[in-house]
Structure formats: C-alpha cells, structure tokens
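Colleague: Structure in structure tokens, see below.
Just so it is clear, none of the values below were taken in a lab; they were calculated from the coordinates. These numbers come from a predicted model, not from an experiment. Reconstructed Cβ throughout: ideal geometry from the backbone, glycine too, with neighbour counts over all protein chains shown.
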Amino acid sequence: MLRKGGQSRSGASSPGQGSVLLSGTAAALARALGASANGNPQEDGLRQVLEEMKALYEQNQSDVNEAKSGGRSDLIPTIKFRHCSLLRNRRCTVAYLYDRLLRIRALRWEYGSILPNALRFHMSAEEMEWFNNYKKSLATYMRSLGGREGLDITQDMKPPKSLYIERQGLTVSTGMNLTIIAVISNSWAEAIHLSLVRCLKDYGEFEVDDGTSVLLKKNSQHFLPRWKCEQLIRQGVLEHILS
Amino acid sequence: MTEEPDFLGQDSDGGSEEVVLTPAELIERLEQAWMNEKFAPELLESKPEIVECVMEQLEHMEENVRRAKREDLKVSIHQMEMERIRYVLSSYLRCRLMKIEKFFPHVLEKEKTRRDGEPSSLSPEELAFTREFMANTETYLKNVALKHMPPNLQKVDLFRAVPKPDLDSYVFLRVRERQENILVEPDTDEQGDYVIDLEKGSQHLIRYKTIAPLVASGAVQLI
C-alpha cells in the first residue's frame with residue numbers, strides 16, 4: 001500500500017524564519033506504525049501534522065502573493081520546498097491511517113464480527129465505523145455465494161487435518177488413554193471430523209450438528225465437529241487438545 | 001480427490017450450461033482455479049460457474065449425509081470430503097478478496113474500461129464489494145484527515161497511490177497444451193527478445209506477464 005514515510009528529511013529552516021522541524025511529526029507517525037501493533041490512534045500526532053500543514057500552506061500563500069506582486073522570484077524555491085513538505089506530510093498521514101485500516105481489517109478475519117473490548121478501546125470512532133461498514137459488506141458478499149444461505153469463508157482457514165477418534169465405546173478418562181487410541185485409529189483412517197477440545201472458560205450452551213447441544217463449562221472436554229469449533233478456538237474459548 | 005462413492009446413491013453432475021462435468025472434473029477445475037489464483041500476481045477471471053456448481057455439490061452431499069445417518073464410516077468419509085472441498089473453495093474466494101482489497105482502485109478501473117464481451121475479473125457480488133470497500137475507505141480518509149488539509153491537497157488519487165500488481169513477478173508453471181513461439185522479453189537490455197516453445201508437460205519459471213493469456217485460456221497451470 002502507500003509506502004511509509006521513511007527517514008525524516010526534516011530540520012531545514014526556511015529562510016527568514018526560525019528553524020522549523022518540517023515533516024518530523026509526520027515521519028514519526030509513520031514510524032509509530034512499526035512500533036506498536038495496535039496502539040491508540042495517534043490523535044495528537046495527527047493533529048500536529050495537520051496544523052503544520054496549515055501553517056506551511058499559509059506561508060506559501062503569502063509568499064506566492066509576494067512573488068507575484070512584489071517580483072520576489074527568489075521565494076520560489078522556498079515555495080516549492082514547502083509544497084514538497086506538504087505532499088510528504090499528506091503521504092505519511094494517509095499511509096499511517098491506511099495501515100491502521102489494514103490491521104483493523106485483519107481483526108475481522110481473526111476475531112469475527114464482535115471485537116473484544118480491549119481492541120475496541122484502541123480504535124477511534126471513525127475506525128469503528130469503517131470496521132462496521134467493512135463487515136457488513138463482507139457479510140453481504142458471503143451470503144450471496146451459492147444458492148441458499150451463502151458460505152462463511154472466514155471459517156475453514158486451515159486444511160482439514162486432525163485425528164480420527166472413534167465416537168462410540170470410548171471413555172474419556174485420562175489423556176493417556178486417548179493418545180493410545182488415537183495412535184491406533186490414525187493408522188487406518190485419516191478421515192476426521194471430530195476434535196477433542198477443552199473448554200477454557202464458561203461459555204454456555206453450544207449447538208452441534210444433529211441438534212443436540214453441549215454445555216461448555218470451564219475445563220470440560222468435548223468431542224466436537226472440528227469446523228464448528230474453529231472460531232471458538234480462535235476466540236480463546238476452546239482449546240484443541242490432540243492435533 | 002476421488003469421485004463420489006456410489007453407495008450413497010449419489011448421481012449428480014455439477015454441469016454448467018454448455019458442458020456437463022462429473023463431480024471429479026468439477027473439483028479438478030476448482031483446484032486448478034484455486035492454484036492459479038494463489039500464484040498469479042493479479043486478480044484472474046472470475047469463475048462463477050465453478051463456484052455455483054461446487055456450492056450445489058456441497059449442498060447435495062450434505063443432504064445425503066443427513067439422510068444416511070449413523071453409518072459412521074461412509075458418513076465420516078463424506079464429511080471429510082466436504083470439509084476438504086469447502087476448504088479449497090473458501091481459500092479460493094479468500095484469495096480473490098485479498099487481491100481485490102489490495103488492488104481495489106486498479107480492479108475497479110479495469111472493470112470500468114472492460115469492453116462488452118470480454119470476461120470480467122469480478123463477479124457482480126465482488127464488484128459490489130469492491131465499490132463498497134472503495135467508498136468506505138475514501139470516506140474514512142476524507143473525514144479523518146483530508147478534509148482538514150489545505151484545499152489544494154484534499155483529493156488523493158487512490159489509483160496512483162495504491163501500487164499496481166507486479167506483473168513482472170516470476171511464476172512456476174506446468175504446460176498443459178503445447179505452445180509455440182512465445183515471445184520472451186528478457187530483463188536486461190543486452191539480451192534481445194527471443195522466442196521459445198513450451199512443450200506439453202514441461203515446467204518453467206517465467207515472468208507472469210509473458211504467459212498471462214495462457215493462464216486465462218487454461219493452456220498452462222500455475223504451480
């Protein structure tokens with residue numbers, strides 16, 4: 001996407017004025033992208049850049065007038081320089097904002113439609129709105145796939161590859177028993193549709209394929225269809241035991 | 001990927017309007033489209049027929065599984081097959097969405113300048129998604145930053161700002177139909193253009209731009 005600002009080329013002072021740290025803030029914004037994964041939107045940094053841009057623009061406007069009416073063509077290099085700074089500031093700013101959007105987009109694919117509160121805290125109101133629009137758009141698209149209710153392509157992120165465990169006649173007592181049985185089963189059938197998962201927190205009722213529901217309590221273990229528990233595993237509610 | 005086992009009484013053909021495909025052929029087409037999409041640097045032609053037929057196939061299989069319950073082995077094998085197909089299809093569609101989001105201004109521009117009769121890289125739903133994505137992003141940038149900037153800088157041309165797909169990147173391919181006289185433009189200026197023939201079954205590492213039309217026609221398979 002838009003390339004980041006890179007090193008700061010700032011520090012130059014425009015003739016006739018005190019030294020102004022041009023573009024330093026903008027570059028700092030862009031560098032902040034590398035630093036934190038999901039920090040707070042740098043509202044201060046953003047505001048500073050916008051203020052600096054306003055100042056530069058106003059200086060340029062007055063200089064342009066002087067150059068035209070007062071014949072001061074020696075001001076032209078400065079004007080050009082300020083314009084370059086303005087362009088650079090805009091580029092850094094937009095790169096910073098866009099990169100945050102990309103990370104927010106990734107959150108939809110990682111965590112699902114509902115974001116954990118800790119993450120929401122780091123997002124500005126406009127970013128939240130962008131996220132809501134994005135997930136709505138995605139949902140509309142997914143629903144349009146195929147004839148009936150569509151296909152949730154945020155599931156099935158990994159190729160299916162777990163162990164086949166016989167459902168009937170298996171007493172789940174210790175991990176040891178399971179390992180033995182799994183090794184035997186694995187040698188003749190690679191077909192899988194069940195995973196053994198442990199519940200990490202109290203979640204409540206969870207419905208499985210044939211209409212029965214399971215009570216997911218902390219530390220309980222269940223055999224569940226693998227594709228159904230994928231999202232819960234990603235959210236940290238369930239933990240895959242054998243893999 | 002094997003054909004449907006007969007004992008569940010499955011009798012389906014995931015046919016499109018012109019060609020009748022067996023389920024095995026359909027899945028093979030899906031896998032080919034999937035691999036091509038994965039390895040091509042740009043968004044390829046959309047294949048709505050394949051997507052529709054595969055979805056139909058999955059629904060069929062689900063029906064059969066629901067009817068033939070309790071016979072564990074057959075059911076498990078079918079469910080495994082369903083999972084695999086669903087994975088490939090989801091992965092294919094995800095890959096496309098990723099490219100759409102990555103190159104959205106270029107994708108839209110290409111669609112705008114497409115002539116009637118030329119195949120589209122976007123299904124109608126993907127087109128709607130792309131437009132919404134663009135509008136969403138533009139609105140966000142405008143409201144958060146651009147409208148606070150000096151008046152002559154408020155418009156950002158996303159078409160120029162967002163990088164284009166790199167069509168010069170190299171790809172691996174396997175030749176499915178013999179091709180003759182493919183013009184290759186070398187990287188350096190010292191070598192001149194030269195012409196090669198692609199033998200059936202041979203494998204090559206070549207710049208994508210050179211063979212892009214062959215991917216579209218199915219003459220080569222990206223690997």
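Colleague: Greater than 29 Å separation of Cα atoms is the criterion. Which listed pairs, A:Lys135/B:Lys142; B:Lys102/B:Lys155; B:Lys47/B:Lys155, meet it?
Modeller: B:Lys47/B:Lys155
Colleague: Straight-line reach from A:Lys68: which lysines fall under 18 Å, measuring Cα to Cα and dropping same-chain residues less than 8 apart?
Modeller: By straight Cα distance, A:Lys68 reaches A:Lys80.
Colleague: Multiply the residue gap between A:Gln231 and A:Glu126 by 0.36 nm, knock off their C-alpha separation, and tell me the result in nm, one decimal place.
Modeller: Full extension of this stretch gives 35.1 nm more.
Colleague: Sorted from largest down, give the three principal axis spans of the alpha carbons of the stretch B:125-223, whole angstrom values.
Modeller: Principal-axis extents of the Cα atoms in the stretch B:125-223, largest first: 59, 39, 17 Å.
Colleague: Please tell me the relative contact order of chain B in percent, rounded to the nearest whole number, where contacts are Cα pairs under 8 Å and at least six residues apart.
Modeller: Result for chain B is 20 percent.
Colleague: For the stretch B:23-163, just say rounded, prolate or oblate: build the C-alpha gyration tensor, square-root its eigenvalues into a ≥ b ≥ c, call rounded for a/c under 1.5, and beyond that prolate if a/b exceeds b/c, oblate if not. Before the final figure, lay out the partial values.
Modeller: Values: a/c = 3.40, a/b = 2.36, b/c = 1.44.
Prolate, because a/c is 1.5 or more and a/b exceeds b/c.
Colleague: On to the next question. Which lysines have a Cα lying under 22 Å from the Cα of A:Lys161, excluding residues fewer than 8 positions away in the same chain?
Modeller: Of all the lysines, those that pass the test against A:Lys161 - Cα under 22 Å, at least 8 places apart if same chain - are A:Lys228, B:Lys38, B:Lys74.
Colleague: Counting Lys +1, Arg +1, Asp -1, Glu -1, what net charge surrounds A:Asn89 among other residues with beta carbon under 11 Å of its beta carbon?
Modeller: That sum, taken over residues with Cβ under 11 Å, equals +3.
Colleague: With unit charges on the beta carbon (Lys/Arg positive, Asp/Glu negative), name the residue among B:Pro23, B:Val156, B:Val51 whose Cα is farthest towards the positive pole of the charge dipole of the stretch B:23-163.
Modeller: B:Val156
Colleague: Next question. Please compute the net charge surrounding B:Glu185, taking Lys and Arg as +1 and Asp and Glu as -1 over other residues with Cβ under 12 Å from its Cβ.
Modeller: Taking every Cβ under 12 Å from that of B:Glu185, the sum is -2.
Colleague: Can you compute the radius of gyration and Dmax for the stretch B:166-222, using only the Cα atoms, both in Å?
Modeller: Rg and Dmax of the stretch B:166-222, Cα atoms, are 11.0, 32 Å.
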